[in-house]
Structures are given as structure tokens and as C-alpha cells.
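Participant: Below is a structure I'd like to ask you about.
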Amino acid sequence: MAKNIQSLERAAAMLRLLAGGERRLGLSDIASSLGLAKGTAHGILRTLQHEGFVEQEPASGRYQLGAELLRLGNSYLDVHELRARALVWTDDLARSSGESVHLGVLHQRGVLIVHHVFRPDDSRQVLEVGAMQPLHSTALGKVLCAYDPVAHSEATEAERRPYTPRTVTAEPEFEALLDTVRARGWASDTEETWEGVAAVAAPIHDRRRMPVGAVAVTGSVERVRPGGELRPELITAVRECARAVSRDLGANRF
């Protein structure tokens, strides 16, 4: 069994210590509470401070939790709030569309699937929660790239891999595609990532009108695009689902 990294354990203990009690503690207090030498404690605190996880009060020299931890905590809560708010609406979307529904968020230069509702039939399906999808070639990813500047930068700065002959990789064509997504408010993917699979997605916004995720209906090309055209009722249903979740998150202009 691999051993734990002692310095990380000590850093975690410091953060827990600062999260309770008086919240602001001096170097001596932290070192004695954790049974560490002052030099060791100071080195760890200096590293945590550099990363924004700890702040030092100039007047007293005492330490407290930093803003970076708050940002990370809010990110965690945002994703879980998004999933909680979307549960009922995505279930309804799967029932009405007869297809699988995915809820995705931007994560590490890709789309992280945070919720997956199975297609409502008896076919064998694999739960995809926790799976990553590419930004440039999926309906979910295109929506995020169109509305989220961070996602856009990550997709344009990274190599856009051609998963199939239909994948758009050239920058001019990709940017034109995103302009179309913004103009109509939804994105599609027809065999650009997986052969035989098509999807349509719409963006979800929060109370600040910031894009926090996207929802998509995914299925076989034959069902999603019968006759070569997207089923218009799927587009309507996905957009209505996205608007409903956005409203539940406090976005009042959807």
C-alpha cells in the first residue's frame, strides 16, 4: 500500500485547524497544536499562502483561511446545486424525448458529466457520470465554448483532435460554428465524436447570467436526426429544460 505524503497531511491538518476555533492563529499556536517545529510549520504556511489557501493578517501576523479555498468551495457547491436543481427537469426531458440526457460542466479542458439519465427503455446502458467529453466536438462542449470565455480559450488553445471525419478542427470553421451556436441558442453534434451518435444541447446559466453547465439529449443518428434533420421537438425540449434549470438557479430572464 502506498504511503501518505506527510507534508500534505500536515497541510490538510493546518487547514482544518484554521477552519475551526478562533479562525486566526499565530505561528506558535499552529505549530504547538500540531506538534510541529516552528520552521516546519512556517514552511508549510508559506506554501499555502503562496497558493492562496492561507492569508496572513499584516497587523497581527496571524493566519486565516484564504480566498482560494472559498472559490474552490463555491465551485463544488455550484456543481452540486446545479445537479440538484436539474434532477426533476432532466428526468422529464428523458421521458419526453425517449433519449439519454447528460448534464455537463467545464472541467480540466473538457466536459465533465455530472448527471446522466438513462434512455427510458429496456436496453442495456452504462452510467456515464464522471466521464469526460471533449469540448470541441460534442454538443455539450460547443455550448460551453460558445458561452463561457474560459471554455472557449481552452478549446482554441488546445489541439482539436479529429475523432471522426466529421470533427471540426480548423480554427476559422470552429469559430464560425460557435457563432451559429450563439445565434440560435443551442448546439448539435452529429457523429463528430462517436460514429452513429447525435446530440443536441443548450446552455444553463446562474443568477449572475454566467454559464454554469449545459444539458444535452443524446441518441442514435437514426432517432435524433431521422431523414438527416434534427427533430425540432428535441431542440425545443432541450432548450426548455435548460431554461427551467436556469430559472431554478436564479436566472430570471429565461
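Participant: Which one of L144, L127, L140, L135 is assigned to a loop (DSSP other than H, G, I, E, B), open to solvent by less than 70 Å² (accessible area, probe 1.4 Å) and aliphatic (A, V, I, L, M)?
Facilitator: Exactly one residue qualifies, and that residue is L135.
Participant: Tell me, yes or no, whether the range 92-101 has at least one residue that is closer than 26 Å to A170 by Cα, open to solvent by less than 10 Å² (accessible area, probe 1.4 Å), modelled with pLDDT of 90 or more and not β-branched (V, I, T).
Facilitator: No, because not a single residue in the range 92-101 is closer than 26 Å to A170 by Cα, open to solvent by less than 10 Å² (accessible area, probe 1.4 Å), modelled with pLDDT of 90 or more and not β-branched (V, I, T).
Participant: Show me the helices (runs of 4 or more DSSP H) found entirely inside the range 153-254 where at least 1 residues are surrounded by 19 or more Cβ atoms within 10 Å (Cβ to Cβ) and of a type in the set (S, T, Y).
Facilitator: Because the criterion is at least 1 residues that are surrounded by 19 or more Cβ atoms within 10 Å (Cβ to Cβ) and of a type in the set (S, T, Y), the helices (runs of 4 or more DSSP H) in the range 153-254 that meet it are 232-248.
Participant: Confirm whether R124 is out of contact with any Leu (no Cβ under 8 Å at 6 or more places or on another chain), modelled with pLDDT of 90 or more and charged (D, E, K, R).
Facilitator: Answer is no for this residue.
Participant: Tally up the residues in the range 12-35 that are farther than 19 Å from S60 by Cβ, open to solvent by less than 80 Å² (accessible area, probe 1.4 Å) and within 29 Å of the chain's Cα centre (by Cα), please.
Facilitator: The qualifying residues number 3.
Participant: Something else: Could you list, in sequence order, the residues of the range 36-69 that are in a loop (DSSP other than H, G, I, E, B) and open to solvent by 70 Å² or more (accessible area, probe 1.4 Å)?
Facilitator: E51, P58, A59, R62
Participant: What are the pairs, 6+ residues apart or on separate chains, where a residue within the range 51-69 that is without any contact (Cβ under 8 Å) to a residue 24 or more places away in the chain has its Cβ under 8 Å from a residue that is among the aromatic types (F, W, Y) and surrounded by 12 or more Cβ atoms within 10 Å (Cβ to Cβ)?
Facilitator: If the second residue must be among the aromatic types (F, W, Y) and surrounded by 12 or more Cβ atoms within 10 Å (Cβ to Cβ), the pairs left are E55/Y63; Q56/Y63; G66/F53; E68/F53.
The values are calculated or read from the model by the stated rules, or taken from the named source; none is laboratory data. Given the structure is predicted, the values throughout are model-derived calculations rather than measurements. Neighbour counts are summed over all protein chains in view; Cβ atoms, including those assigned to glycine, are modelled from backbone coordinates with ideal geometry. Surface areas here come from the heavy atoms of the whole protein model, side chains and all, with no ligands, DNA or RNA. Shrake-Rupley method; radii C 1.70, N 1.55, O 1.52, S 1.80 Å.
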